[in-house]
């Protein structure tokens, strides 16, 4: 089955991982504005209460990337 997901550049994937690995009680993740704008538009994260938060599709995308690289 072919993937319908838009390709992520390596820098955008790194930004997605940065947000995913940021603990709740630590300072918010700082990623380039262009990355956050695109990742929010793709539904992989949301801006909530002044922080970037992962969505379920974002977590699934990280998992898919990990499967593809193994």
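A short reminder: the numbers here are calculations on the coordinates, not readings from a lab. If you're wondering where the values come from, they're calculated on a predicted model, not measured in any experiment. Neighbour counts are summed over all protein chains in view; Cβ atoms, including those assigned to glycine, are modelled from backbone coordinates with ideal geometry.
Relative contact order of the range 10-69, please, whole-number percent, based on alpha carbon pairs below 8 angstrom and at least 6 residues apart.
Over the range 10-69, the number comes to 31 percent.
Note on the range 10-69: Cα convex hull, mean projected area over all directions, 3.9 nm². Residues of the range 26-44 with backbone nitrogen within less than 12 Å of a virtual label 7 Å along the Cα-to-Cβ line of residue 63, please, listed as ranges. Of the residues in the range 26-44, none has backbone N under 12 Å from the label point off residue 63. Kindly provide the helix-only [θ] at 222 nm of the chain, computed as the sum of -39,500 (n - 2.57) over DSSP H runs of four or more divided by all residues, to the nearest 500 deg cm²/dmol? Value at 222 nm, helices only, nearest 500: -15000 deg cm²/dmol.
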